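Please treat every number below as a calculation from the coordinates, not as lab data. Given the structure is predicted, the values throughout are model-derived calculations rather than measurements. As a convention, Cβ positions derive from the backbone with ideal geometry for all residues, glycine included, and neighbour counts pool all protein chains shown.
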Amino acid sequence: METHGKIKLNAQTFVMPRRDKVHASVYIHLKGYARARVSHLDIEKVGLSKVIHRGRGNFLQVKGIKQGIEITMRESKEIEIDGKKSEVSSVIVLDPLLNEVLEKGKSTRAWVGRKYDGVYIGFRKEEIEKLEKMALEKFGIKPLKKLEKPPFIVRE
C-alpha cells in the first residue's frame, strides 16, 4: 500500500513496560513526497506524540530487536490513547522489514520528533540509506531528488 511516497507497513506497535498494544499506522515516508525533506519512519496514532516530553523532539536510542525496533524514552511518562492510560518507557514497532534498517542487537541515536498525530523517527545517514534501499527493493519506490510541487504558488 503506497500513497505519494508513504508506504504503509504491516506493523504492530506496543508501549512498554506493560506491552499495551497501540493501534498505530506505521509508514516509510520517502524524501520528496508530501513535503518530506528526508526519508523517515512515521508512527501515527493520536495521543502517541505525548511520549515526547517537550519541544518538537529528542535524540533517543533506537535499537534493533527481534522482528522490529524499540525506541527508548528519556524517562517514563503516562499518556492516554483511545481513552486508556499507559505508562511509556519505550515504544516497540514490530515489522521484520525494520530489521533491514536496524539489525537485531544494533543500536543508534535518532531524532524522534513530535507530530500532531504521532511521532516520526529521523534516522542517521546509514539507516536512511538502508530504509531507502529497502523501499526500492520491496516496494519499487525511490525517494525524489526534489520536493514535489510546493503547497502554494507565489505570483507577482
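Data overview
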quantity	calculated
Max mean-square fluctuation residue, GNM over the chain, Cα-Cα springs under 10 Å, options Phe14, Phe139, Phe123	Phe139
Helix-only mean residue ellipticity at 222 nm for the chain, each DSSP H run of n ≥ 4 adding -39500 (n - 2.57), per residue, nearest 500	-3000 deg cm²/dmol
Selection from Ser107, Val88, Met16, by position along the positive dipole direction of the chain (Cβ)	Ser107
Virtual spin-label span in nm between His4 and Lys50, 7 Å along Cα→Cβ	2.9 nm
Loop-resident sites, region 25-100, for trypsin sites (Lys or Arg not before Pro), counting at most 13 other Cβ within 10 Å (DSSP)	Arg35, Arg37, Arg54, Arg56, Lys66
For region 28-67, with +1 on Lys and Arg beta carbons and -1 on Asp and Glu, the positive-most of His40, Ile52, Ile65 along the dipole	Ile52
The chain: relative contact order as a whole-number percent, Cα under 8 Å and 6+ apart	27 percent
